[in-house]
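The values are calculated or read from the model by the stated rules, or taken from the named source; none is laboratory data. Everything numeric here is computed off the predicted structure, so don't read it as measured data. Note: ideal-geometry Cβ built from the backbone for every residue, glycine included; neighbour counts use all protein chains shown.
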Amino acid sequence: MGKTIAEKILSAHSGKDANAGDIVIADLDFMIGQDGTSGVAIDVFNKMEGGKVFDPSKVAIIIDHSSPSPNEGVSAIHKKIREFSKAQGISLFDIGCGVCHQITPEMGFVVPGNLVIGADSHTCTYGAINVFSTGIGSTDLAAGMISGKLWFKVPETIKFQINGKWPKGVFSKDLILKIIGDIGADGATYMATEFVGPAIEDLSVDARFTISNMAIEMGGKAGLMNADKKTIEWVRSHSKKTFTPVESDKDAKFAKTMEYDVSKLSPQIAKPHTVDNVSPIEAIEGLEIQQGFIGTCTNGRLEDLEIAAKILKGKKVNAGCRLIVAPASKSIFIEAMKKGLVQTIMDAGGVFVTPGCGPCVGTHNGVPSDGEKVLSTANRNFKGRMGNNKAEIYLGSPATVAASVIEGKIADSRKYM
Amino acid sequence: MLLKGASHRTKITDDINTDYIISGRYKFKIQDPYELAKHVMEDLDPDFFSKITKGDFIVAGRNFGCGSSREQAPMSIKYAGISAVIAKSFARIFYRNCFNLGLPLIECDTDNIDDGDALEIDLDKGILKNITKSLEIKIKPFPKTMQTLLEDGGLVSHFKKHKGFGL
């Protein structure tokens, strides 16, 4: 019987013949925490009498969620993280370095075939470069830091076969929103997902990260893709680690296969207050918004800023609206400056904040007011997510946000292409 | 083991996410779990915490605990005095986090449990009794791994007892 990517990676890391449903204890190649989860992980590490981290070269903590600190409570957690990182000799990415899910692949910490955990639910992002990576909580991270291992239930896999040619103005964000709308917020609970097909191969690695990042929004444990020539080039340009890509066997058993044709896809919007509440742009355009946000581990990459800048060039953000931009990492920010993208977006009236999670998690950098509507490129639109439970959050692609802030209402980006 | 207490439900029943359980407004800055617990489910019901008596249950529909990996979510439930969460299904990361903290999650049909119903759960027999409605509801047995974690009182004591994973 053939195996899926998930079964193969969990077999290779546990030394067992792992099949869906089995419980295995597996060796971890890398693990991360962020400032919202690492404070608790450090407390648990100490309660477990952790002593020293099993291998400091395999652990990184990234301060991204509230960065720089907006209050003394957060400052105390940041201090705890800095002291722990120094004492343990692990990599620390302090304020302004960027979002954990950009830093981890960008620094070359993870490569195809790896098994990775992160105390952040969007750790599934690295599936785009053929890494089995999954989100866990702080206690699991503490156990991982001590032992270098974690237990896993080997998941079944849903395969998404993505065909067709991408229309102008339609992006990977629109596809993943469409899929989540169809399958629901728990449509892939406890399952791995695999995205394959010519339309995936046509995407840049940046655009692929957007899809894998949102696998958790349908309950998925991993959002896997094959490593093709683009992946291998991307990984080699970021990492010196050796690797062997992993693909599912032709006779692997999938829980189900779903097919999509992107040729017929239009821009998609997730409406308040769940990510699976999705409409095509045609059903919602014209709705007034007061804030646009471009950034996050979903859509804060260079390609995203390029798309936004192209639409905003020579235009102005509508007087009734604000635009906040948070590049996903410092190196993206610098590259965007070199390319003139920052100037273009600022000339249009956009405001840049520190590379990191920005206003996505509701701690700072743009908390909306009561009754305001925000259109964001993030991955979650839960009530209260951005810090005010009386605001409404809509999700779309960077192109949709750029077009919409010009009009001050949700707009179809295709007319700006 | 026998658990007894009252049911607490909110108007929203499916897809209750970890942001609803404990908002980012609090979880990123408050380290004391008892302080965090005062804000549990606040965005769904501002008085939620004040209605809880130690040993009570949270009852919900499908996909409870979806969203972020924040362990502050199960922590604030546990430190609010809740002895178990009862739902039709749970999201994966939340599920692991609860058993790691020694907080049992009960999977069963919850359509016949209303807010305020008196409940009794016999974990050994796998039966939930709705005393108010004189009903018995069968609960899904815990997987072996989760049973072991619960018996050991969560992952911290499990890890110390076995000097690593004893699963």
Exercise for review: Run down B:150, B:135 and say which single residue is away from chain A (no Cβ under 11 Å), buried (at least 18 other Cβ atoms within 10 Å of the Cβ) and of a type in the set (A, V, I, L, M).
Suggested key: B:150
**Study point:** Candidate set: region B:45-73, residues that are surrounded by fewer than 20 Cβ atoms within 10 Å (Cβ to Cβ) and among the small types (Gly, Ala, Ser); chosen: the one farthest from residue A:219 (Cα to Cα)
**Key:** B:50
Review point. With respect to the numbered conditions (1) within 12 Å of another protein chain (Cβ to nearest Cβ); (2) under 15 Å from the mean Cα position of the chain (by Cα); (3) of a type in the set (Val, Ile, Thr), which one is the sole condition not fulfilled by residue B:106?
Key: (1)
Exercise for review: Taking the residues in region A:371-401 that are more than 10 Å from every other protein chain (Cβ to nearest Cβ) and either β-branched (Val, Ile, Thr) or at positive phi (or both) as candidates, determine which candidate is surrounded by the fewest Cβ atoms within 10 Å (Cβ to Cβ).
Suggested key: A:371
Check your understanding: Inside region B:63-97, can you point out the residues that are touching a Phe, Trp or Tyr at 6+ places or on another chain (Cβ under 6 Å), facing chain A (nearest Cβ under 10 Å) and part of a helix (DSSP H, G or I)?
Key -> B:92
Check your understanding: Here are some residues: A:108, A:113. Which one is in contact with a helix residue (DSSP H, G or I) (Cβ under 6 Å, 6 or more places away or on another chain), within 23 Å of residue A:5 (Cα to Cα) and either in the same structural domain as residue A:11 (by TED's automatic domain parsing) or modelled with pLDDT under 95 (or both)?
Key -> A:108
Review point. So, in region A:60-90, of the ones that are among the hydroxyl-bearing types (Ser, Thr, Tyr) and buried (at least 18 other Cβ atoms within 10 Å of the Cβ), which residue ends up farthest from the other protein chains (Cβ to nearest Cβ)?
Key: A:85
Review point. Among B:43, B:14, B:19, which is the only one that is within 17 Å of residue A:381 (Cβ to Cβ), assigned to a loop (DSSP other than H, G, I, E, B) and under 16 Å from the mean Cα position of the chain (by Cα)?
Key: B:14
Point to revise | Which numbered condition residue A:46 fails, given (1) facing another protein chain (nearest Cβ under 8 Å); (2) on the phi < 0 side of the Ramachandran plot; (3) free of Cβ contacts under 8 Å to residues at least 24 places away in the same chain | key: (1)
Review point. What pairs come up if the first residue lies in region A:61-73 and is in the same structural domain as residue A:90 (by TED's automatic domain parsing) and farther than 23 Å from residue A:31 by Cα, the second is assigned to a loop (DSSP other than H, G, I, E, B) and among the aromatic types (Phe, Trp, Tyr), and their beta carbons are under 8 Å apart, counting only those six or more places apart or on different chains?
Key: A:73/B:28
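Does residue A:298 count as out of contact with any Pro (no Cβ under 7 Å at 6 or more places or on another chain), under 27 Å from residue A:353 (Cβ atoms) and assigned to a helix (DSSP H, G or I)? Working first, answer last.
Details: out of contact with any Pro (no Cβ under 7 Å at 6 or more places or on another chain): yes; under 27 Å from residue A:353 (Cβ atoms): yes; assigned to a helix (DSSP H, G or I): yes.
So residue A:298 fits the description; yes.
Would you be able to tell me the number of residues in region B:22-34 that are assigned to a loop (DSSP other than H, G, I, E, B), more than 8 Å from every other protein chain (Cβ to nearest Cβ) and surrounded by fewer than 18 Cβ atoms within 10 Å (Cβ to Cβ)? Reasoning before the result, please.
First, pick out the residues of region B:22-34 that are assigned to a loop (DSSP other than H, G, I, E, B): B:22-23, B:28-32.
The next check asks that each one be more than 8 Å from every other protein chain (Cβ to nearest Cβ); those that pass are B:22, B:32.
Then drop every residue that is not surrounded by fewer than 18 Cβ atoms within 10 Å (Cβ to Cβ), which leaves B:32.
Final tally of qualifying residues: 1.
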Point to revise | Selected residue (only one of A:110, A:116 is surrounded by 20 or more Cβ atoms within 10 Å (Cβ to Cβ), part of a strand (DSSP E or B), under 17 Å from the mean Cα position of the chain (by Cα) and not polar (S, T, N, Q)) | key: A:116
Check your understanding: List, please: which pairs have Cβ atoms under 7 Å, are six or more places apart or on different chains, and start with a residue in region B:35-47 that is within 14 Å of residue B:72 (Cα to Cα) and end with one that is basic (Lys, Arg) and part of a helix (DSSP H, G or I)?
Key -> B:36/B:27
Point to revise | Failed item, numbered, when residue A:186 is tested on (1) of a type outside the set (Gly, Ala, Ser); (2) more than 24 Å from residue B:166 (Cβ to Cβ); (3) in a helix (DSSP H, G or I); (4) free of Cβ contacts under 8 Å to residues at least 60 places away in the same chain | key: (3)
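Every residue, every condition in (1) assigned to a helix (DSSP H, G or I); (2) among the hydroxyl-bearing types (Ser, Thr, Tyr); (3) surrounded by fewer than 24 Cβ atoms within 10 Å (Cβ to Cβ); (4) not assigned by TED's automatic domain parsing to the domain that holds residue A:253, yes or no:
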{"position": "A:145", "(1), (2), (3), (4)": "yes, no, no, no"}
{"position": "A:155", "(1), (2), (3), (4)": "no, no, no, no"}
{"position": "A:158", "(1), (2), (3), (4)": "no, no, yes, no"}
{"position": "A:166", "(1), (2), (3), (4)": "no, no, yes, no"}
{"position": "A:178", "(1), (2), (3), (4)": "yes, no, yes, no"}
{"position": "A:190", "(1), (2), (3), (4)": "no, yes, yes, no"}
Study note, to complete from the structure: Restricting attention to region B:111-167, the residues that are in a loop (DSSP other than H, G, I, E, B) and either in contact (Cβ under 8 Å) with a residue 24 or more places away in the chain or on the phi < 0 side of the Ramachandran plot (or both) number exactly 24
